[in-house]
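To keep things clear, I will list the structure first and then write my remarks on it.
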Amino acid sequence: MNKKTLILIKPDGLVKSLTGNILTRLSETKLEIIAAKIVNVSEELAREHYKHLQDKPFFNELISYLQGGLHDRQKVMAMVYWGDIAIQKVRELAGATNPEEAEPTSIRGAYGRITSKGVYENVVHASSDEKEAEREIKLWFKPNEIIYDVYPTETKTLDQVSKRVWV
Ligand code: UDP
Ligand code: MG
């Protein structure tokens, strides 16, 4: 079911103080926000997220971009939005991948740019289809970080798992 989508506010969006603006734009979709967190993106997570682009010449630069290496801001805001036709609604609001080709009123068209190294700094990520949405949501979030049961889960008892806790 096309009901949920992953959105990332990339490091350029955070550095440019666009978070509030982007959340306001997203509220135009009337979708419901069902998960949100700030993530310090590991290289492993960045590579897994963009693994479909690993053969591209800009791949390493893209990984550095998502990790905040181009912006001195090692974090992204990750969110799951829920509602009818969520994927298309958010993709349309985000605009085309290339910020120069994106509608000027879209988020990428308004705030994106192309770096001198050719990377599209386009402010947000939005899942492209249902399969990718599922893969990405499961990559970025654990089941109990999302307020609805968006995918089937099971309860496992794990032995010898180390967990960081408050002292
Ligand atoms: N990207 C880029 N140059 C390209 C294509 C993509 O820098 O020619 C970057 C851009 O930041 C984009 C990300 O790689 O958002 C992922 O690319 P994808 O083709 O999945 O586009 P998206 O789904 O983000 O629109
Ligand atoms: Mg994509």
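The values are calculated or read from the model by the stated rules, or taken from the named source; none is laboratory data. Only a predicted model underlies this, so the values are computations on that prediction, with no experimental measurement involved. Quick reminder, even Gly has a Cβ in these numbers, built from the backbone with ideal geometry, and neighbours come from all protein chains shown. Ligands, DNA and RNA are excluded from the accessible area calculation, which covers all protein heavy atoms including side chains. Shrake-Rupley method; radii C 1.70, N 1.55, O 1.52, S 1.80 Å.
The table for this structure:
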item: Restricting the range 89-111 to residues that are closer than 15 Å to ILE7 by Cβ and more than 14 Å from ligand 2 (Cβ to nearest atom), the residue that is most open to solvent (accessible area, probe 1.4 Å); result: GLU92
item: Cβ-Cβ under 8 Å pairs, at least 6 apart or on other chains, the range 1-19 side without any contact (Cβ under 8 Å) to a residue 60 or more places away in the chain, far side part of a strand (DSSP E or B); result: THR19/ILE9; THR19/MET77
item: Filter result (free of Cβ contacts under 8 Å to residues at least 40 places away in the same chain, in a loop (DSSP other than H, G, I, E, B) and near ligand 1 (Cβ under 9 Å from one of its atoms)) within the range 113-158; result: none
item: Selected residue (criterion: farthest from GLY20 (Cα to Cα)) from residues of the range 56-88 that are open to solvent by 50 Å² or more (accessible area, probe 1.4 Å), within 15 Å of ligand 2 (Cβ to nearest atom) and outside any helix (DSSP H, G or I); result: LYS56
item: Residue match in the range 90-101 (condition: in a loop (DSSP other than H, G, I, E, B), within 13 Å of ligand 1 (Cβ to nearest atom) and among the polar types (S, T, N, Q)); result: yes
